[in-house]
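The values are calculated or read from the model by the stated rules, or taken from the named source; none is laboratory data. Quick caveat, the model's predicted, so the values are computed rather than measured. Cβ sites come from the backbone with ideal geometry, for glycine too, and all protein chains shown count toward neighbours. Only protein heavy atoms, including side chains, enter the accessible area calculation; ligands, DNA and RNA are left aside. Shrake-Rupley method; radii C 1.70, N 1.55, O 1.52, S 1.80 Å.
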Amino acid sequence: MYGSDSDGLKAARAQLVSYSARLLDDGLAVGSAGNMSVRSGARVAITPSGISYTEMRPEDICLVGMDGAELHSRETPSSETPMHLAIYAATKAGAVVHTHSLEVIALSAGRDELPAIHYAITGLGGPVRVAPYVRFGSAGLAASAVTALDGRSAVILRNHGAVTYGRDLAQAYDRALLLEWLARTYRLALSYGEPATLSAAELDEVTAESRRRRYGERRSGQP
Ligand SMILES: [Zn+2]
């Protein structure tokens, strides 16, 4: 129950409400479309179904167990709860963001993949696959998304939207913004003809360099 929330879950509820408002401001969804969740141990805090983001309050956020059992049912958990839980089961995700954003939906209708026309796509694990269409809220959609996520932290859902995950909600959300930006950039690039793309070797080089800079040795002793 809400009154016995751990600090982690209280923080997750507040975060989900504030990021839901950003979802509208950033154009990643309209009305109550899309949904987000945060995992805290064996529990998942997830946005409710059918409540507009402008009216959502922390106490409206739903809690479910990893098996899908509702632990806090003041509202109905998102219809995509099975997809969120499948992603937590298959990855080390700490948060999942599902958007209905224009660029990825447009791309999903015309392409099988978002190719690497910018090296920032390494932040998502490489070129992003478009998962085959399956009806919203179904176990089939959850399976389709998980399969297409292999080695990636983002997937585009055909004729539907996109899903990203990260170690926390901030990272998952940043990846959703990055994915939308990359899809838009790709569409603009297509206006010049067939765009050049980066090879797997070039992407591996970027990933290795990013890792080296992040974990590089200190420069003590350098002039
Ligand atoms: Zn959806």
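Within a Cβ distance under 14 Å of Ala139, other residues only, what is the Lys/Arg minus Asp/Glu net charge? Could you put the intermediate results ahead of the total?
Numbers: positive: Arg135; negative: Asp67, Glu80.
Every neighbour counted, the sum reads -1.
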Query raised in the report: Ser153's amide H: which non-local residues (gap 5+, or another chain) put their own amide H closer than 5 Å, with H modeled 1.01 Å from N in plane and none for Pro or chain starts?
Result: Gly125
Query raised in the report: Taking K and R as +1 and D and E as -1, what net charge do the other residues with C-beta under 13 Å from the C-beta of Leu124 add up to?
Result: -1
Query raised in the report: Once the Cα atoms of helix 81-90 and of the chain are each reduced to a long axis, what angle between those two axes, in degrees from 0 to 90 to the nearest 10, is obtained?
Result: 50
Query raised in the report: Along the charge dipole of the chain, which of Val155, Phe136, Leu9 sits closest to the positive end, that is, farthest toward it, with unit charges on the beta carbon of Lys, Arg, Asp and Glu (+1, +1, -1, -1)?
Result: Leu9
Report summary line: If one compares the long axis through the Cα atoms of helix 139-148 with the longest principal axis of the Cα atoms of the chain, the angle in degrees, nearest 10, works out at 30
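Count charges around Met56 for me, please; just the other residues with Cβ under 11 Å from its Cβ, Lys/Arg as +1, Asp/Glu as -1. Walk me through the numbers on the way to the answer.
On the way: positive: Arg13, Arg57; negative: Glu55, Glu59, Asp60, Glu75.
Net charge in that neighbourhood comes out at -2.
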**Report entry** For the chain, Kirkwood radius (reciprocal of mean inverse C-alpha pair distance, Å)
**Finding:** 18.1
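Let me make sure I get this right: for segment 74-155, a, b and c are the square roots of the gyration tensor eigenvalues over alpha carbons, sorted descending. Under 1.5 in a/c it's rounded, otherwise prolate if a/b > b/c, else oblate. Which is it?
Numbers: a/c = 1.88, a/b = 1.46, b/c = 1.29.
Prolate.
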Query raised in the report: What accessible area, in Å² to the nearest ten, does a 1.4 Å probe give for Ser191?
Result: 90
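Out of the DSSP beta bridges found with both residues in segment 99-200, what percent are antiparallel (nearest 5)? Present the calculation step by step, with values, prior to reporting the outcome.
Numbers: 7 of 9 bridges.
Antiparallel bridges make up about 80 percent of those DSSP assigns within segment 99-200.
Grab the DSSP H runs of the chain that are 4 residues or longer, score each as -39,500 (n - 2.57), total them, divide by all residues and round the 222 nm result to the nearest 500 deg cm²/dmol.
Values: 6 runs with 86 residues, N = 223.
Helix-only estimate at 222 nm: -12500 deg cm²/dmol.
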Query raised in the report: Taking the Cα centre of the chain as the origin, how large is its charge dipole in debye, to the nearest 20, when only Lys and Arg (+1) and Asp and Glu (-1) carry charge on their Cβ atoms?
Result: 420
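Can you give the extra length, in nm with one decimal, that the chain gains between Phe136 and Thr91 once fully stretched, where that is 0.36 nm per residue apart less the Cα-Cα distance? Intermediate results must be reported in sequence, preceding the final value.
On the way: separation 45, 0.36 × 45 = 16.20 nm, distance 2.10 nm.
Length gained, Phe136 through Thr91: 14.1 nm.
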Requested in this report: Using a 1.4 angstrom probe on the protein heavy atoms only, line up Glu180, Glu59, Glu113 by accessible area, largest first.
Outcome: Glu113, Glu59, Glu180
Query raised in the report: Does anyone have the angle between helix 200-215 and the longest principal axis of the chain? Alpha-carbon axes, 0 to 90°, nearest 10?
Result: 70
Query raised in the report: Accessible surface of Arg43 in the full protein assembly, 1.4 angstrom probe, to the nearest 10 Å²?
Result: 80
